[in-house]
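Student: Sharing a structure, written as structure tokens. Questions coming.
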Amino acid sequence: MAEIHLKSLAHSYDKHAEKPEYAIRHMDHVWEDGGAFALLGPSGCGKSTLLNIISGLLEPSDGDVLFDGVRVNDIPPQDRNIAQVFQFPVVYDTMSVFDNLAFPLRNMGAGDAKIQSKVGEIAAILELTEVLNKKAANLTADEKQKVSMGRGLVRDDVSAILFDEPLTVIDPQLKWKLRRKLKQIHEKFNTTMVYVTHDQLEASTFADKIALMYEGQVVQFGTPRELFERPNHTFVGYFIGSPGMNFLKVTRCEQGVCLGDKIFPLNEVEKQALRTSDSNNLKVGIRPEFVHLWDKPNGSAHRAEVGFIEDLGTYKIVSLKLGEHALKARLQEDQKVPQGHAYISFPEQWLMLYIDEFLVAKDESYE
């Protein structure tokens, strides 16, 4: 196991160009020894590029990759002691499942007793015991990917295990089960694991902490709850959650910020942030889960027009228009569905202010 430190790291596929475009923009990022991490983001954001830099398949244009403080930029992939599981299964079709799983152990000179014990342990966890004597060529796509994953998991001396969207070819009914198994394996062996995915459910199920990438940068690193409750960039709010966060463009006014004639008061920390910025790129954001809906006027609630209603079984999503602005609210299954119009309010603790797309903390102690 190892701590992985990406120090002043950046990468361009055309670094000799006059103005190179960077797939990975400057970052300084640490994955602690023994942690379970997800690298989450949309296609093209730089996830796989970053994973390939860590494994040594790519050399970064700038900066360093450190394993436990040791620079490994010049160390080839085979000497970095990294196990990598790819999007599509990589197995030796002519070998049995047992020999596929044993292959990494034999390469490192492990004894027969160690091989029998470790292969048996991983096969049991991944439910491959019944097919250990089968040729890999005769396996289903699901089974082949489990073998591929097992080869990455069978060694207990690796610095880290890197997973590059490993469940792409897995049947949807098995995905949840395998994610849970990976989590159990991590809890048992305490190996540093980095799991690349574009699926927020996969990331939240597997990881203790998520690094969310956007346009080649990690825009937030934190627990699934932190990314949901306190997204520090509008993209995080948009990407995390289903549906994503509501964002309303607002203007400055004496009491705080305004949406037309509707006033959103701010606390002193937020007001100070406004005073020290001359930007007019101002937004307030709130999760659909935290929008309060009333069927009658209620205090300072704002009247909104009710549009489309999506019934998702255990809850409903209501599309609303507040003036010219569209937003969504989430209703629980037993909550009355408003007709025609509704009154909505935004609890202060869940209403976020964003300047130039970044969150303004509600208090000075929040990071």
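Taken together, the values in this text are just the output of simple stated rules run on the coordinates, not laboratory data. In this text, all values refer to a predicted model and were calculated from it rather than measured experimentally. All Cβ positions, glycine included, derive from the backbone under ideal geometry; neighbour counts span all protein chains shown.
Student: How big is segment 1-94 on each of its three principal axes, counting only the C-alpha atoms and giving the largest first in Å?
Tutor: Taking max minus min along each principal axis of the Cα atoms, segment 1-94 gives 48, 31, 26 Å.
Student: Go through the cysteines of the chain and tell me which have no other cysteine Cβ under 4.7 Å away.
Tutor: 45 - these cysteines have no disulfide-compatible partner (Cβ-Cβ under 4.7 Å) in the chain.
Student: So how much slack lies between residue 64 and residue 133, counting 0.36 nm per residue of separation and subtracting their Cα-Cα distance, in nm?
Tutor: Taking residue 64 through residue 133 to full extension adds about 20.5 nm, to one decimal.
Student: Let me ask something else. Per 0.36 nm of contour for each residue apart, how much would the distance between residue 93 and residue 296 grow if the chain were fully extended, relative to their Cα-Cα spacing?
Tutor: 66.4 nm
Student: Okay, moving on. Apply the Karplus parameterisation 6.51 cos²θ - 1.76 cosθ + 1.60, with θ equal to phi minus 60°, to every residue of segment 4-13 and state each ³J(HN,Hα) to the nearest whole Hz, in sequence, with x for glycine and proline.
Tutor: 10, 10, 9, 9, 6, 7, 7, 8, 10, 6
Student: Between residue 335 and residue 289, how many nm apart are label points set 7 Å from Cα along the C-beta direction?
Tutor: About 1.2 nm separates the two model spin labels.
Student: Here is a follow-up. Can you tell me the relative contact order of the chain? Whole percent, Cα pairs under 8 Å, sequence separation 6 or more.
Tutor: 16 percent
Student: Return the distance in nm (one decimal) between the two label points of a simple spin-label model at residue 208 and residue 358, each offset 7 Å from Cα along Cα→Cβ.
Tutor: Simple spin-label model gives 2.8 nm for this pair.
Student: With springs connecting C-alpha atoms under 10 Å apart, model the chain as a Gaussian network and identify which of 269, 291, 154 has the largest mean-square fluctuation.
Tutor: 269
Student: To continue, here is another question. Using amide H atoms built 1.01 Å from N in the peptide plane, name the residues 5+ places from residue 156, or on other chains, whose amide H lies under 5 Å from its own.
Tutor: Amide H neighbours of residue 156: none.
Student: Sticking with this structure for a sec: Counting each pair of different Cα atoms once, what's the Kirkwood radius of segment 145-188 in Å, rounded to one decimal?
Tutor: Result for segment 145-188 stands at 11.2 Å.
Student: Right, something else. Hey, could you get me the Stokes-Einstein D for segment 228-301, Kirkwood radius over alpha-carbon pairs, 20 °C and 1.002 mPa s, rounded to whole µm² s⁻¹?
Tutor: For the chosen part, D equals 155 µm²/s.
Student: Separate question: Filter 114/177; 188/362; 135/181 down to the pairs with a C-alpha to C-alpha distance above 30 Å, please.
Tutor: Long pairs (Cα-Cα over 30 Å): 188/362.
Student: Can you compute the modelled spin-label distance between residue 188 and residue 242, with each label point 7 Å from Cα toward Cβ, in nm?
Tutor: 2.9 nm
Student: When semi-axes √(5λ) of the Cα gyration tensor in Å is calculated directly from the model, which label among [x] 32, 27, 19; [y] 46, 26, 16; [z] 51, 21, 19 fits?
Tutor: The value computed from this structure is option [y].
Student: Can I ask one more? With Rg and the Kirkwood Rh both taken from Cα atoms, where does Rg over Rh land for segment 115-228?
Tutor: Here Rg/Rh amounts to 0.99.
Student: Shifting gears a bit: Calculate the all-directions average of the projected area of segment 247-360's alpha-carbon convex hull, and give it in nm².
Tutor: With every direction weighted equally, the projected area is 7.4 nm².
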